[in-house]
Amino acid sequence: MGGGRFSNDAYARLRKAKNYSNKSREEIFTSRTLDPEMDPIKALVRESRDSEEHPESVSIIVALDVTGSMGFVPEHIVKEALPDLIGSLMEAGIEDPQVLFLGIGDFIYDRAPLQVGQFESSAELLDRWLTRVYLEGGGGGNNQEGYNLAHLFAARHTSIDCWEKRQQKGFLFTIGDEPVFPTIPAEIIKRYTCTNQAETITTEAIIAEAQEKYNVFHMHLEHNEWAKQESRKGNWKTLLGENFIEIPDYKTVAKRIANVVIENHKPYTATSNTNTSSDNSEVENML
Amino acid sequence: MPKCSLVIDLGFGDAGKGLTTDFLASQHPKHSLVVRCSGGHQIGHTVTTEVLTHTFSNFGSGSLLGVPTYYSEHTTLFPPAIVDEGNFLKPYQPKLYVHPLAMITTFYDIAYNRAIEKQQQHGSCGLGFGTTIARNKDEVYLYANDLQFQWVLQQRLQSIKTYYKTKLEHQPKAVQDYYKNELKDYNEAYFLESCKSLQPFYNVAALSELASKFEHFIFEGSQGILLDTQHGFHPHTTWSYTTSKNAVQQITSHLKTISEIDIYYVTRCYQTRHGNGPMAETEPVNLQNNENEANVTNEFQGVFRTQALATELLNYALSCDAIHHQNLQSNKHLVITCLDQLPRFSYANLFQKLNTNFKTVYGSYGPKRQDIKKLFLQ
């Protein structure tokens, strides 16, 4: 008898209410060092699995540049966009989204250039990882970020049922305002992931590896004059073609993620999935 | 002339009340009102359309058609969940009318429910429905009407907190600890805030005020007759009347102009039970085509059980329901759902064993209202 998912979720939320809207960025992001649970060195593999509650999971990785110049983006996502992201995906027919959050920094200058959450299917749980992220103080000033660590982690350290069971690719979004390093040196791979053996790999090659099981996108935020310059966009266009997306208004980033997933997610069976008929204007309204 | 339809579940719940309500609401959506006359926010009534499959808990199952919902004084509401589900359903502009004496569930009711259910395992969903009714029986109240007055609401919450504090003193330590742990992260300001933010979805009104505004009143029952507080099997019963008792009371006291009453008795073509308690002693069934099953194993209810339909239990449930509308003229209908899942089921055999005469019999062959067909006897 009964069960009441919405009632249960509301109860869970009531237990975890944090009253974000009245808090400053420092109060939300309380971590002042890398959270041990987000340490990639301990993350051999992050799994995104189907469950009875979520039988057709769709794995979505959101890798966010959390260095100084970008700190307001995670803040905005936690405060406003995130609760709607999962809801609007579900409303549009993606019933079982599972989102993994990665924090990305500069692997030359930063102390924690890769921070990894877990795949979560509710806003509350995802929020747990988002608010634990350690926001790096400054950028490196070298006009490059280690976004390719996200491709590396996705390619080699995730295991996702949507691909393994149903040949539906997951989604990987890197979000930032800088070009990407041309390679990942072997020592960086060894230092920041759970492996002792590694060879230097080019960004092209690691993206290709990630593309074997993910649709790979990069979102470039044009949040100031500096970020609008061509030199800040680097060679993303060459790397990703149409999957390089410029975002003039950073507040729309969660909505764009939802739209991209909805447009590109291939239904598993023609009969049970209705997401191809979804109306984008509905997503607009939700976010 | 206005008419009434009652949707009543003949089993332990999960029969297809959402589907049946949506089907009835689709006949005249503009002139219909769905009336929730038992149960509360713990229900899970699933409706499937071309674009969406949604399990309703806080809104009636006609909401996707734009049909508003009325919650009677026999029901419970949990404000934060209304806000959540209301926001999710925003594109459909869901609307609630609520009787001023509808009972409000608080965090304390849920925490206490969970703490004792962990010990007793009566089959509760862990959402505080039963504890809310029990608290009201003990005359510690919080009504829908009170939500409009912030100071009153705060005082009421304080009395509820005290009420459970006293109750807990007589409980084992494990219960006390569980309760305390649930309360650890609770933020009362957020509860008060969600009571306030209900406004877009919510009107306080009595059913008699709505009597002239609608032509079709669809009473969406909750749970099933076999879980009824009077007719179910202690201790695995719910704290509400799941027969047509409440609907009949509403009709006779508030809807005096009603000309026609139709009762739709709903059952799956096999026996189901979600939650602890006795189950029919019939043979197992092999289901097909049931990937869309909305019942999943959960922490408080456990696994979802299925077996062949027990005719004795159907006859029992029908006889129980008849007690509550003896003096009322009504047409009886039967809705047999999930026929696509059990190809060997013979409804002709079933009718021979039922002691009730039905005016119409419907069968559903899929999750949508379009999958409902009128069945004819051979």
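Readers should treat all values here as calculations from the given coordinates under stated rules, not as data from a laboratory. Owing to the predicted nature of the structure, the values given are computational and were not obtained by experimental measurement. Using ideal geometry, Cβ is built from the backbone for each residue, glycine included, and neighbour counts are taken over all protein chains shown.
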(request) Please sort by residue number the trypsin sites (Lys or Arg not before Pro) in region B:202-294 whose DSSP state is loop and whose Cβ has at most 10 other Cβ atoms within 10 Å. (result) B:K256
(request) Search the structure for amide H atoms under 5 Å from the amide H of A:I61, placed 1.01 Å from N in the peptide plane, and list their residues when 5 or more places away or on another chain. (result) A:L100, A:F171, A:L172, A:F173
(message) For the pairs B:K213/B:K256; A:K42/B:K180; B:K3/B:K137; B:K30/B:K256; A:K266/B:K95; B:K17/B:K368, flag any whose C-alpha to C-alpha distance is greater than 23 Å.
(response) A:K42/B:K180; B:K3/B:K137; A:K266/B:K95
(request) Whole number please: convex hull volume per residue, Cα atoms of chain B, in Å³. (result) 136 Å³
(request) Within a 10 angstrom radius of each residue's Cβ in B:51-59, how many Cβ atoms of other chains show up on average? Whole number is fine. (result) 5
(request) List B:Y190, B:Y264 from most exposed to least, where exposure is judged by having the fewest other Cβ atoms within 10 Å. (result) B:Y190, B:Y264
(message) List the GluC sites (Glu not before Pro) within region A:155-232 that DSSP assigns to loop and that have no more than 15 neighbouring Cβ atoms inside 10 Å.
(response) A:E199, A:E212
(message) How shielded is B:79-92 by partner chains, expressed as the average number of their Cβ atoms within 10 Å of its Cβ atoms?
(response) 5
(request) Between beta-carbons, use under 13 Å as the cut-off and find the net charge around B:Q329, counting Lys and Arg +1, Asp and Glu -1. (result) +1
(request) Could you list which residues have their amide H under 5 Å from that of B:F56, counting only those 5 or more apart in sequence or on another chain, with H placed in the peptide plane? (result) B:H45, B:T46, B:V47
(message) 5 Å is the cut-off here: which amide hydrogens, built 1.01 Å from N in the peptide plane, fall below it relative to B:V35, excluding neighbours closer than 5 in sequence?
(response) B:Y70, B:I218, B:F219, B:E220
(message) I need the peptides B:1-11, A:98-108 ranked by packing, meaning the mean over residues of other C-beta atoms within 10 angstrom, with the highest value on top.
(response) A:98-108, B:1-11
(request) Classify the protein assembly as shown as rounded, prolate or oblate from the Cα gyration tensor: take a ≥ b ≥ c as the square roots of its eigenvalues, call it rounded if a/c is under 1.5, otherwise prolate when a/b beats b/c and oblate if not. (result) prolate
